[in-house]
1. Please give every one of the aspartates and glutamates within straight-line cross-link reach of residue 43, meaning a C-alpha to C-alpha distance under 16 Å, and leave out same-chain neighbours fewer than 8 residues apart.
2. With every protein chain present, what is the per residue accessible area of the chain (1.4 Å probe, Å²)?
3. Mind checking the range 1-71 for GluC sites (Glu not before Pro) that DSSP puts in a loop (not H, G, I, E or B) and that have at most 10 other Cβ atoms within 10 Å?
4. Which aspartates and glutamates, on any chain, are close to residue 75 with Cα under 15 Å apart, when same-chain ones fewer than 8 places away are left out?
5. Let me know the Kirkwood hydrodynamic radius for the chain, please, with Cα pairs as the basis and the value in Å to one decimal.
6. How about the range 11-103: which trypsin sites (Lys or Arg not before Pro) there lie in a loop by DSSP and see at most 11 other Cβ atoms within 10 Å?
7. Tell me, what are the semi-axes, in whole angstrom and largest first, of the equivalent ellipsoid of the range 53-119 as set by the roots of 5 times the Cα gyration tensor eigenvalues?
8. Averaging sequence separations of C-alpha pairs under 8 Å and six or more residues apart, then dividing by the length of the range 66-121, give the relative contact order as a whole percent.
Amino acid sequence: QVQLVESGGGLVQPGGSLRLSCAASGSIFSINAMGWYRQAPGKERELVATITSGGSTNYADSVKGRFTISRDNAKNTVYLQMNSLKPEDTAVYYCNADLRRFYPGNYYNYWGQGTQVTVSS
């Protein structure tokens with residue numbers, strides 16, 4: 001099995017910071033990319049940021065300049081540093097990994113259980 005476990009969510013005031021972590025474990029041959037997505041009540045799940053194993057990053061326009069995604073390939077872990085948080089950042093944040101379990105093999109997407117981030121006074 002492949003497991004993605006997120007941590008670091010919680011309640012923070014507007015303008016505050018939070019750091020999310022996600023560790024992938026289990027039967028993994030290689031990871032092409034990992035990323036963070038979020039879903040607010042009544043909304044579609046949306047991309048927040050992604051990072052490839054080579055370090056290329058991609059961010060949603062709404063978080064550029066405020067969030068930073070990073071990874072530790074040796075630990076199969078991805079991080080999301082969130083600064084200058086706004087109420088509209090409130091959502092369940094999900095970790096995603098595009099990986100193959102064996103070689104040769106196909107890449108598939110795997111999801112974590114999600115961690116709640118609430119930005120409120």
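1. Candidates past the 8-residue exclusion: 88, 89.
2. 54 Å²
3. The qualifying sites are 44.
4. 6
5. 14.5 Å is the Kirkwood radius here.
6. Those satisfying the criteria are 43, 64.
7. 26, 14, 10
8. Answer for the range 66-121 is 31 percent.
The values are calculated or read from the model by the stated rules, or taken from the named source; none is laboratory data. As the structure is a prediction and not an experimental result, all values here were calculated from the model. Every residue, glycine as well, gets a Cβ built from its backbone with ideal geometry; the counts of neighbours run over all protein chains shown. Protein only, heavy atoms only, side chains kept; ligands, DNA and RNA dropped before computing areas. Shrake-Rupley method; radii C 1.70, N 1.55, O 1.52, S 1.80 Å.
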